[in-house]
1. Along Cα→Cβ, 7 Å out, is where each label goes; now give me the distance between the ones at GLU302 and GLU288 in nm to one decimal.
2. Starting from the eigenvalues of the Cα gyration tensor, five times each then square-rooted, give me the equivalent ellipsoid semi-axes of segment 48-197, largest first, whole Å.
3. Dipole magnitude of segment 1-157 about its Cα centre, charges +1 at Lys/Arg Cβ and -1 at Asp/Glu Cβ only, in debye to the nearest 20?
4. Once you have the Cα-Cα distance between GLU273 and ALA343, take 0.36 nm times their residue separation minus that, and quote the gain in nm to one decimal.
5. Taking R0 as 60 Å, what's the FRET efficiency between ASN266 and TRP189 from their Cβ-Cβ distance, rounded to 0.05?
6. Which one of TYR334, TRP219, ALA397 has its Cα pushed farthest toward the positive end of the charge dipole of the chain, where Lys and Arg give +1 and Asp and Glu give -1 at the Cβ?
7. Only Cα pairs under 8 Å and at least 6 apart count here; give the relative contact order of the chain as a rounded whole percent.
8. Once every DSSP H run of n ≥ 4 in the chain is given -39500 (n - 2.57) and the sum is divided by its residues, what mean residue ellipticity at 222 nm do you get, rounded to the nearest 500 deg cm²/dmol?
Amino acid sequence: GSVRPNRPAKRMRKILRRVDPGFLVILAIALIAIWPFVSRASLPDGSDAELHIFRLAELSYLLRGGEFYPRWAPNFYHGYGYPIFNYYAPLGYYLGFLVDLLPRLDPVAGVKAVFILGILCAAFGMYGFVRDNWGRRAGYVAAAVFIYAPYVQYIDPHARGVMPESFSFGVFALALWALDRLWRGGGRWPFLASVFLIAGTILSHNLMGLLFFGMLSAWAVWRILLSGEAGRRRAPALHLGLALAAGLGLAAFFWLPVFLERDLVNLSTLIGEQDNYDFHTHFLNVREMFAPSLRLDWGASEPAFRFNLGLAQWLLGGLGLLLLLLRRVSQPRYLSFFAISLAILIFLMLPVSTFVWETLPFLPFFQFPWRLLGAVSAMLAVLAGAGSAAVLDWVGARWGR
(Lines give C-alpha, C1' and ligand atoms only; values in the text may rest on other atoms or scores of the structure.)
Protein backbone atom coordinates (compact mmCIF):
# COMPACT_ATOMS: atom_id res chain seq x y z
CA GLY A 1 0.00 0.00 0.00
CA SER A 2 0.98 3.63 -0.42
CA VAL A 3 2.25 5.72 2.48
CA ARG A 4 0.52 9.04 3.00
CA PRO A 5 2.85 12.02 3.25
CA ASN A 6 3.18 13.50 6.71
CA ARG A 7 1.71 16.89 5.93
CA PRO A 8 2.34 18.51 9.35
CA ALA A 9 5.98 17.44 9.21
CA LYS A 10 6.36 18.83 5.69
CA ARG A 11 4.72 22.08 6.73
CA MET A 12 7.04 22.37 9.72
CA ARG A 13 10.13 21.76 7.54
CA LYS A 14 8.91 24.44 5.15
CA ILE A 15 8.50 26.91 8.01
CA LEU A 16 11.94 26.08 9.42
CA ARG A 17 13.55 26.65 6.02
CA ARG A 18 12.12 30.17 6.06
CA VAL A 19 13.60 30.99 9.48
CA ASP A 20 16.76 33.04 9.27
CA PRO A 21 19.61 31.19 11.06
CA GLY A 22 21.07 34.61 11.74
CA PHE A 23 18.71 34.86 14.71
CA LEU A 24 20.77 32.13 16.40
CA VAL A 25 23.83 34.32 15.94
CA ILE A 26 21.95 37.23 17.47
CA LEU A 27 20.96 35.05 20.42
CA ALA A 28 24.63 34.20 20.95
CA ILE A 29 25.57 37.90 20.66
CA ALA A 30 22.95 38.81 23.28
CA LEU A 31 23.98 36.07 25.71
CA ILE A 32 26.66 38.14 27.45
CA ALA A 33 24.27 41.09 27.83
CA ILE A 34 21.60 38.97 29.55
CA TRP A 35 24.03 36.77 31.50
CA PRO A 36 24.12 38.95 34.67
CA PHE A 37 20.35 38.49 34.97
CA VAL A 38 20.49 34.77 34.21
CA SER A 39 23.44 33.91 36.46
CA ARG A 40 22.40 35.82 39.58
CA ALA A 41 19.52 35.05 41.89
CA SER A 42 18.26 38.59 42.46
CA LEU A 43 18.42 42.09 40.99
CA PRO A 44 20.85 45.00 41.49
CA ASP A 45 20.57 46.66 44.88
CA GLY A 46 20.13 50.38 45.32
CA SER A 47 18.26 50.95 42.03
CA ASP A 48 14.67 51.46 40.90
CA ALA A 49 14.32 47.72 40.33
CA GLU A 50 12.96 47.46 43.88
CA LEU A 51 10.09 49.82 43.01
CA HIS A 52 9.11 47.72 40.03
CA ILE A 53 9.12 44.55 42.15
CA PHE A 54 6.66 46.19 44.55
CA ARG A 55 4.45 47.37 41.71
CA LEU A 56 4.43 43.95 40.06
CA ALA A 57 3.61 42.29 43.39
CA GLU A 58 0.70 44.70 43.88
CA LEU A 59 -0.57 44.16 40.34
CA SER A 60 -0.32 40.40 40.81
CA TYR A 61 -2.34 40.66 44.01
CA LEU A 62 -5.06 42.66 42.27
CA LEU A 63 -5.18 40.52 39.14
CA ARG A 64 -5.48 37.34 41.16
CA GLY A 65 -8.38 38.98 42.99
CA GLY A 66 -10.28 39.66 39.75
CA GLU A 67 -9.19 43.25 38.98
CA PHE A 68 -8.07 42.70 35.40
CA TYR A 69 -7.14 46.32 34.74
CA PRO A 70 -6.69 48.04 38.12
CA ARG A 71 -6.05 51.76 38.26
CA TRP A 72 -5.55 52.01 42.02
CA ALA A 73 -2.92 50.34 44.22
CA PRO A 74 -4.76 50.03 47.58
CA ASN A 75 -1.76 48.78 49.58
CA PHE A 76 0.60 51.59 48.63
CA TYR A 77 1.28 54.60 50.85
CA HIS A 78 0.70 52.64 54.06
CA GLY A 79 -2.73 51.48 52.97
CA TYR A 80 -4.04 54.87 51.85
CA GLY A 81 -3.67 53.81 48.22
CA TYR A 82 -2.06 55.35 45.17
CA PRO A 83 -3.26 55.65 41.52
CA ILE A 84 -0.01 54.35 40.05
CA PHE A 85 -1.68 52.03 37.55
CA ASN A 86 -3.81 54.85 36.17
CA TYR A 87 -0.79 56.96 35.25
CA TYR A 88 2.14 54.60 34.64
CA ALA A 89 2.64 52.52 31.48
CA PRO A 90 1.47 48.97 32.32
CA LEU A 91 2.90 46.63 29.66
CA GLY A 92 6.07 45.53 31.46
CA TYR A 93 4.15 44.71 34.64
CA TYR A 94 1.61 42.57 32.81
CA LEU A 95 4.39 40.63 31.10
CA GLY A 96 6.11 40.19 34.44
CA PHE A 97 2.84 38.92 35.89
CA LEU A 98 2.80 36.07 33.37
CA VAL A 99 6.13 34.94 34.80
CA ASP A 100 4.91 35.42 38.37
CA LEU A 101 2.06 33.00 37.60
CA LEU A 102 4.49 30.17 36.94
CA PRO A 103 5.22 27.69 39.75
CA ARG A 104 8.07 28.57 42.14
CA LEU A 105 8.57 32.00 40.57
CA ASP A 106 7.86 35.41 42.09
CA PRO A 107 7.75 39.13 41.18
CA VAL A 108 11.55 39.31 41.34
CA ALA A 109 11.74 36.70 38.58
CA GLY A 110 9.02 38.56 36.69
CA VAL A 111 10.93 41.85 36.70
CA LYS A 112 14.13 40.05 35.75
CA ALA A 113 12.37 38.32 32.84
CA VAL A 114 11.17 41.67 31.46
CA PHE A 115 14.72 43.04 31.59
CA ILE A 116 15.94 39.99 29.66
CA LEU A 117 13.07 40.17 27.18
CA GLY A 118 13.79 43.84 26.50
CA ILE A 119 17.43 43.14 25.63
CA LEU A 120 16.50 40.21 23.39
CA CYS A 121 13.80 42.23 21.61
CA ALA A 122 16.25 45.07 21.06
CA ALA A 123 18.76 42.66 19.51
CA PHE A 124 16.26 40.81 17.31
CA GLY A 125 14.41 43.96 16.24
CA MET A 126 17.53 45.90 15.32
CA TYR A 127 18.97 42.90 13.48
CA GLY A 128 15.78 42.34 11.50
CA PHE A 129 15.44 45.98 10.48
CA VAL A 130 19.07 46.48 9.44
CA ARG A 131 19.29 43.04 7.79
CA ASP A 132 16.31 43.82 5.55
CA ASN A 133 17.88 47.11 4.45
CA TRP A 134 21.66 46.56 4.45
CA GLY A 135 22.24 42.83 4.75
CA ARG A 136 22.77 40.13 7.35
CA ARG A 137 26.33 41.10 8.35
CA ALA A 138 25.24 44.69 8.86
CA GLY A 139 22.44 43.36 11.07
CA TYR A 140 24.93 41.55 13.30
CA VAL A 141 26.94 44.73 13.79
CA ALA A 142 23.87 46.88 14.43
CA ALA A 143 22.42 44.49 17.00
CA ALA A 144 25.71 44.28 18.91
CA VAL A 145 26.23 48.06 18.80
CA PHE A 146 22.72 48.62 20.14
CA ILE A 147 22.50 46.17 23.02
CA TYR A 148 26.11 46.75 24.16
CA ALA A 149 25.77 50.53 24.28
CA PRO A 150 26.60 51.51 27.88
CA TYR A 151 23.17 53.02 28.51
CA VAL A 152 21.28 50.04 27.09
CA GLN A 153 23.46 47.27 28.53
CA TYR A 154 24.45 48.62 31.93
CA ILE A 155 23.12 52.03 33.00
CA ASP A 156 19.39 51.53 32.49
CA PRO A 157 19.00 47.86 33.53
CA HIS A 158 21.67 47.67 36.26
CA ALA A 159 22.71 51.08 37.57
CA ARG A 160 19.23 52.64 37.40
CA GLY A 161 17.10 49.48 37.35
CA VAL A 162 14.44 51.17 35.23
CA MET A 163 12.59 48.14 33.88
CA PRO A 164 9.92 49.91 31.74
CA GLU A 165 12.36 52.27 30.05
CA SER A 166 14.83 49.47 29.39
CA PHE A 167 12.05 47.35 27.93
CA SER A 168 10.89 50.19 25.68
CA PHE A 169 14.13 50.01 23.66
CA GLY A 170 13.29 46.49 22.55
CA VAL A 171 9.68 47.25 21.66
CA PHE A 172 10.76 50.28 19.63
CA ALA A 173 13.26 48.21 17.62
CA LEU A 174 10.61 45.57 16.87
CA ALA A 175 8.06 48.25 15.91
CA LEU A 176 10.53 49.87 13.51
CA TRP A 177 11.21 46.51 11.90
CA ALA A 178 7.49 45.69 11.62
CA LEU A 179 6.68 49.04 10.01
CA ASP A 180 9.52 48.56 7.54
CA ARG A 181 8.16 45.11 6.62
CA LEU A 182 4.71 46.61 6.22
CA TRP A 183 6.10 49.26 3.87
CA ARG A 184 7.95 46.68 1.81
CA GLY A 185 5.29 44.05 1.34
CA GLY A 186 2.08 44.90 3.13
CA GLY A 187 -0.08 42.00 4.14
CA ARG A 188 -2.21 41.10 7.13
CA TRP A 189 0.52 39.89 9.49
CA PRO A 190 2.95 42.81 9.06
CA PHE A 191 0.02 45.18 9.57
CA LEU A 192 -1.17 43.46 12.75
CA ALA A 193 2.39 43.20 14.06
CA SER A 194 2.90 46.92 13.40
CA VAL A 195 -0.33 47.89 15.18
CA PHE A 196 0.36 45.82 18.29
CA LEU A 197 4.02 46.82 18.49
CA ILE A 198 3.20 50.52 18.09
CA ALA A 199 0.67 50.15 20.90
CA GLY A 200 3.30 48.22 22.87
CA THR A 201 5.77 51.05 22.39
CA ILE A 202 3.31 53.51 23.90
CA LEU A 203 2.43 51.12 26.73
CA SER A 204 6.04 50.30 27.60
CA HIS A 205 7.08 53.63 29.16
CA ASN A 206 5.30 56.97 29.45
CA LEU A 207 8.12 59.21 28.28
CA MET A 208 10.06 56.94 25.94
CA GLY A 209 6.76 55.74 24.49
CA LEU A 210 5.95 59.35 23.56
CA LEU A 211 9.41 59.88 22.07
CA PHE A 212 9.49 56.59 20.18
CA PHE A 213 5.97 57.01 18.79
CA GLY A 214 7.04 60.42 17.49
CA MET A 215 10.15 58.90 15.93
CA LEU A 216 8.18 56.08 14.30
CA SER A 217 5.73 58.63 12.88
CA ALA A 218 8.58 60.79 11.59
CA TRP A 219 10.21 57.70 10.04
CA ALA A 220 6.96 56.85 8.24
CA VAL A 221 6.65 60.39 6.84
CA TRP A 222 10.29 60.33 5.74
CA ARG A 223 9.83 56.94 4.08
CA ILE A 224 6.76 58.13 2.20
CA LEU A 225 8.30 61.43 1.07
CA LEU A 226 11.42 59.67 -0.23
CA SER A 227 9.53 57.02 -2.18
CA GLY A 228 9.34 59.35 -5.18
CA GLU A 229 6.54 57.24 -6.60
CA ALA A 230 3.46 58.68 -4.97
CA GLY A 231 0.97 56.95 -7.21
CA ARG A 232 2.43 53.46 -6.98
CA ARG A 233 3.30 53.74 -3.29
CA ARG A 234 -0.05 55.16 -2.19
CA ALA A 235 -1.21 51.84 -0.71
CA PRO A 236 1.91 51.27 1.46
CA ALA A 237 1.74 54.88 2.62
CA LEU A 238 -1.88 54.36 3.62
CA HIS A 239 -0.94 51.16 5.44
CA LEU A 240 1.71 52.99 7.49
CA GLY A 241 -0.73 55.73 8.41
CA LEU A 242 -3.43 53.26 9.39
CA ALA A 243 -1.00 51.19 11.46
CA LEU A 244 0.19 54.25 13.39
CA ALA A 245 -3.36 55.46 13.97
CA ALA A 246 -4.60 52.00 14.97
CA GLY A 247 -1.65 51.48 17.35
CA LEU A 248 -2.32 54.85 18.96
CA GLY A 249 -6.00 54.00 19.26
CA LEU A 250 -5.32 50.54 20.68
CA ALA A 251 -3.27 52.10 23.48
CA ALA A 252 -5.90 54.79 24.18
CA PHE A 253 -7.25 52.85 27.17
CA PHE A 254 -4.03 53.95 28.91
CA TRP A 255 -3.00 57.32 27.53
CA LEU A 256 -6.47 58.86 27.22
CA PRO A 257 -7.30 58.65 30.97
CA VAL A 258 -3.80 59.95 31.74
CA PHE A 259 -4.48 62.97 29.55
CA LEU A 260 -8.06 63.59 30.70
CA GLU A 261 -7.31 63.08 34.39
CA ARG A 262 -3.95 64.82 34.55
CA ASP A 263 -5.42 67.58 36.74
CA LEU A 264 -6.57 65.13 39.42
CA VAL A 265 -3.01 64.54 40.63
CA ASN A 266 -0.03 66.77 41.33
CA LEU A 267 2.27 66.37 38.35
CA SER A 268 4.40 69.37 39.32
CA THR A 269 6.49 67.08 41.53
CA LEU A 270 7.84 65.52 38.32
CA ILE A 271 9.42 68.85 37.38
CA GLY A 272 11.86 70.06 40.00
CA GLU A 273 13.72 73.31 40.43
CA GLN A 274 17.42 72.92 41.17
CA ASP A 275 16.83 69.37 42.41
CA ASN A 276 17.12 65.84 41.03
CA TYR A 277 14.18 66.29 38.63
CA ASP A 278 15.27 69.64 37.20
CA PHE A 279 16.42 69.07 33.61
CA HIS A 280 18.84 72.01 33.93
CA THR A 281 21.07 69.86 36.15
CA HIS A 282 21.28 66.82 33.87
CA PHE A 283 22.73 67.99 30.57
CA LEU A 284 25.83 66.26 29.26
CA ASN A 285 28.99 67.84 27.91
CA VAL A 286 30.69 66.71 24.73
CA ARG A 287 33.75 65.34 26.53
CA GLU A 288 31.66 63.11 28.80
CA MET A 289 29.47 61.93 25.95
CA PHE A 290 32.40 60.73 23.83
CA ALA A 291 34.62 59.51 26.69
CA PRO A 292 35.18 55.78 27.28
CA SER A 293 33.24 54.04 30.02
CA LEU A 294 34.68 54.01 33.53
CA ARG A 295 36.12 50.81 34.90
CA LEU A 296 33.59 49.50 37.39
CA ASP A 297 34.42 48.93 41.04
CA TRP A 298 32.59 45.68 41.66
CA GLY A 299 33.11 46.02 45.40
CA ALA A 300 31.23 49.33 45.58
CA SER A 301 27.58 49.38 46.61
CA GLU A 302 26.90 52.03 43.94
CA PRO A 303 29.67 51.89 41.31
CA ALA A 304 30.40 55.14 39.53
CA PHE A 305 29.55 55.24 35.83
CA ARG A 306 29.56 57.74 33.00
CA PHE A 307 26.66 58.79 30.77
CA ASN A 308 28.42 58.22 27.46
CA LEU A 309 27.71 56.97 23.96
CA GLY A 310 30.19 54.11 24.14
CA LEU A 311 33.55 54.05 22.36
CA ALA A 312 32.67 51.32 19.85
CA GLN A 313 29.25 52.86 19.34
CA TRP A 314 30.37 56.32 18.29
CA LEU A 315 33.37 55.02 16.33
CA LEU A 316 31.30 52.57 14.25
CA GLY A 317 28.33 54.93 14.08
CA GLY A 318 30.69 57.76 13.13
CA LEU A 319 32.13 55.58 10.38
CA GLY A 320 28.63 55.07 9.01
CA LEU A 321 27.99 58.81 9.23
CA LEU A 322 31.23 59.58 7.40
CA LEU A 323 30.46 57.10 4.63
CA LEU A 324 26.97 58.58 4.39
CA LEU A 325 28.42 62.05 3.88
CA LEU A 326 30.71 60.59 1.21
CA ARG A 327 27.70 58.78 -0.29
CA ARG A 328 29.47 55.43 -0.08
CA VAL A 329 26.56 53.62 1.59
CA SER A 330 23.49 52.11 0.00
CA GLN A 331 20.20 53.98 0.43
CA PRO A 332 21.92 57.20 1.54
CA ARG A 333 18.75 59.31 1.47
CA TYR A 334 16.94 56.80 3.62
CA LEU A 335 19.87 56.51 6.04
CA SER A 336 19.87 60.30 6.37
CA PHE A 337 16.79 60.04 8.60
CA PHE A 338 18.83 58.26 11.27
CA ALA A 339 21.71 60.71 10.93
CA ILE A 340 19.39 63.70 11.32
CA SER A 341 17.63 62.05 14.27
CA LEU A 342 21.01 61.37 15.86
CA ALA A 343 22.02 65.02 15.50
CA ILE A 344 18.74 66.26 17.02
CA LEU A 345 18.91 63.86 19.96
CA ILE A 346 22.55 64.72 20.75
CA PHE A 347 21.71 68.42 20.51
CA LEU A 348 18.90 67.97 23.06
CA MET A 349 21.35 66.40 25.54
CA LEU A 350 23.72 69.40 25.43
CA PRO A 351 23.35 72.61 27.48
CA VAL A 352 23.05 74.62 24.27
CA SER A 353 19.52 73.19 23.87
CA THR A 354 18.28 74.71 27.15
CA PHE A 355 16.07 77.20 25.32
CA VAL A 356 14.27 74.32 23.56
CA TRP A 357 13.60 72.56 26.87
CA GLU A 358 12.30 75.82 28.34
CA THR A 359 10.09 76.52 25.31
CA LEU A 360 8.39 73.17 24.73
CA PRO A 361 6.09 72.50 27.72
CA PHE A 362 6.28 68.70 27.56
CA LEU A 363 10.08 68.38 27.46
CA PRO A 364 10.71 69.13 31.18
CA PHE A 365 8.72 66.01 32.05
CA PHE A 366 11.58 63.97 30.56
CA GLN A 367 13.54 65.25 33.59
CA PHE A 368 16.93 63.96 32.44
CA PRO A 369 18.28 65.00 29.02
CA TRP A 370 20.67 62.04 29.21
CA ARG A 371 17.58 59.80 29.08
CA LEU A 372 17.77 60.25 25.30
CA LEU A 373 20.91 58.08 25.22
CA GLY A 374 18.75 55.01 24.59
CA ALA A 375 17.32 56.50 21.39
CA VAL A 376 20.77 57.79 20.40
CA SER A 377 22.12 54.24 20.75
CA ALA A 378 19.49 52.99 18.30
CA MET A 379 20.40 55.65 15.72
CA LEU A 380 24.11 54.88 16.09
CA ALA A 381 23.37 51.17 15.64
CA VAL A 382 21.62 51.72 12.31
CA LEU A 383 24.45 53.96 11.08
CA ALA A 384 27.04 51.43 12.25
CA GLY A 385 25.25 48.63 10.42
CA ALA A 386 24.98 50.54 7.16
CA GLY A 387 28.59 51.70 7.40
CA SER A 388 29.91 48.21 8.10
CA ALA A 389 27.96 46.88 5.11
CA ALA A 390 29.67 49.45 2.87
CA VAL A 391 33.13 48.57 4.24
CA LEU A 392 32.56 44.82 3.89
CA ASP A 393 31.28 45.26 0.34
CA TRP A 394 34.38 47.31 -0.53
CA VAL A 395 36.70 44.70 1.01
CA GLY A 396 34.88 41.91 -0.80
CA ALA A 397 35.08 43.71 -4.13
CA ARG A 398 38.77 44.53 -3.72
CA TRP A 399 40.08 41.26 -2.30
CA GLY A 400 37.48 38.79 -3.50
CA ARG A 401 34.90 36.98 -1.47
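The values are calculated or read from the model by the stated rules, or taken from the named source; none is laboratory data. The structure displayed is predicted, hence computed values, not measured ones. Every residue, glycine among them, receives a Cβ derived from its backbone with ideal geometry; neighbour counts consider all protein chains shown. Only protein heavy atoms, including side chains, enter the accessible area calculation; ligands, DNA and RNA are left aside. Shrake-Rupley method; radii C 1.70, N 1.55, O 1.52, S 1.80 Å.
1. 1.5 nm
2. Values: eigenvalues 208, 67, 30 Å².
One finds semi-axes of 32, 18, 12 Å for segment 48-197.
3. Working: 17 positive and 10 negative charges, 304 e Å.
With Lys and Arg at +1 and Asp and Glu at -1, about 1460 debye.
4. On the way: separation 70, 0.36 × 70 = 25.20 nm, distance 2.75 nm.
Result for the pair: 22.4 nm of gain on full extension.
5. Details: r = 44 Å, r/R0 = 0.73.
Step by step, r from the Cβ atoms, then E = 0.85.
6. ALA397
7. Details: 573 pairs, mean separation 69.3, N = 401.
Result for the chain is 17 percent.
8. Values: 17 runs with 258 residues, N = 401.
After summing the helix terms and dividing by the residues of the chain, the value is -21000 deg cm²/dmol.
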